[in-house]
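S.K.: Below are the structure tokens for one structure; questions will follow.
The values are calculated or read from the model by the stated rules, or taken from the named source; none is laboratory data. Here the structure is a predicted model, which means the values were calculated and not measured. All Cβ positions, even for glycine, are placed from backbone atoms using ideal geometry, and neighbour counts span all protein chains on display. Please note that ligands, DNA and RNA were not included when accessible areas were found on the heavy atoms of the full protein model with its side chains. Shrake-Rupley method; radii C 1.70, N 1.55, O 1.52, S 1.80 Å.
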Amino acid sequence: MDDAPHILVVDDDARLRKLLQDFLSGNGYRVSVAASAIAARQMMQALAFEACVLDVMMPGETGLSFVKTLREERADIPVLMISALSESADRISGLSSGSDDYLPKPFEPEELLLRLRNLLRRAVVAKPRVDVARFGLFLFDLQLGELRKADVPLRLTTAEKEILRILAKANGEVVSRLGLALDGGDVSTRKVDVQINRLRQKIEDDPANPRYLQTVRSAGYVLHVEQGM
């Protein structure tokens, strides 16, 4: 499940959120839920998601407004919009806002699952998977969790492997401390900084002035990858 796609479900209907969370989890996905656009935006700042299932009609900021703002920051994340509005004009409005697919309510869960799988499949084709991260003389194999410097293997703890894997997958994007803690299994937010410092001792010539693994103030950490394969 650690490598399963992480789906964000955004809907103000608590019953539907729970149903979708249980159904998608039962089909092998990691699922987080949010009751509003504000909550969804906060979660996206802390965690990485491979797709979003988004309701149109929500109090406060609507799904249409949310996805338009999202597209200004994240053009790559697939969005499946769901709505009780089923007229053709409503579907056109949803797709025009930036969503990738539109599913009217009520719907069969199996249809939502198939549409979501199709969106994820297209996203994988559009964005090739990073299997190896290179930075300076270092090469990190994400699948094996092996770090080498000029072909000499370096020892990593399990926590260090997980954090380096998450940062490498981000491919140059900032990852928050919360994102590193939650995605890194048993690594807590209080331990993230300690693990980062230990990693810097292994990959930086001057750990106090890091070249590769840098801190982004009030945001988190970023691994500057020179080449991905």
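S.K.: Using the structure shown, decide if residue 144 is at pLDDT below 90, over 20 Å from residue 50 (Cβ atoms) and surrounded by fewer than 16 Cβ atoms within 10 Å (Cβ to Cβ).
M.R.: yes
S.K.: Further question: Does any residue in region 50-67 that is under 15 Å from residue 120 (Cα atoms) come within less than 9 Å, Cβ to Cβ, of a residue that is open to solvent by 50 Å² or more (accessible area, probe 1.4 Å) and part of a loop (DSSP other than H, G, I, E, B) six or more places away or on a different chain, and which pairs are these?
M.R.: Listed pairs, sorted by first residue: 51/100.
Each row is one residue, and each column tells you yes or no for (1) more than 23 Å from residue 19 (Cβ to Cβ); (2) touching a helix residue (DSSP H, G or I) at 6+ places or on another chain (Cβ under 8 Å); (3) open to solvent by 50 Å² or more (accessible area, probe 1.4 Å).
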| residue | (1), (2), (3) |
| --- | --- |
| 51 | no, yes, no |
| 74 | yes, yes, yes |
| 88 | yes, no, yes |
| 116 | no, yes, no |
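S.K.: Does region 154-166 contain any residue that is open to solvent by 80 Å² or more (accessible area, probe 1.4 Å) and modelled with pLDDT of 80 or more?
M.R.: Checked against the condition, which is being open to solvent by 80 Å² or more (accessible area, probe 1.4 Å) and modelled with pLDDT of 80 or more, region 154-166 yields at least one hit.
S.K.: A follow-up question, please. Could we say that residue 201 is modelled with pLDDT of 85 or more and in contact with a Gly (Cβ under 9 Å, 6 or more places away or on another chain) here?
M.R.: no
S.K.: Return yes or no: is residue 227 open to solvent by 40 Å² or more (accessible area, probe 1.4 Å), on the phi < 0 side of the Ramachandran plot, of a type in the set (S, T, N, Q) and modelled with pLDDT of 85 or more?
M.R.: For residue 227, the condition - open to solvent by 40 Å² or more (accessible area, probe 1.4 Å), on the phi < 0 side of the Ramachandran plot, of a type in the set (S, T, N, Q) and modelled with pLDDT of 85 or more - is not met.
S.K.: Something else: Right, residue 222: at pLDDT 90 or above, among the aliphatic types (A, V, I, L, M), within 24 Å of residue 50 (Cβ to Cβ) and crowded, with 16+ Cβ neighbours inside 10 Å or not?
M.R.: yes
S.K.: Now for a separate question. Would a scan of region 53-64 turn up a residue that is open to solvent by less than 50 Å² (accessible area, probe 1.4 Å), of a type outside the set (Asp, Glu), in a strand (DSSP E or B) and closer than 23 Å to residue 114 by Cα?
M.R.: Yes, region 53-64 contains at least one residue that is open to solvent by less than 50 Å² (accessible area, probe 1.4 Å), of a type outside the set (Asp, Glu), in a strand (DSSP E or B) and closer than 23 Å to residue 114 by Cα.
S.K.: Among the residues of region 15-40, how many are in contact (Cβ under 8 Å) with a residue 24 or more places away in the chain, of a type in the set (D, E, K, R) and surrounded by fewer than 17 Cβ atoms within 10 Å (Cβ to Cβ)?
M.R.: So the answer is 0.
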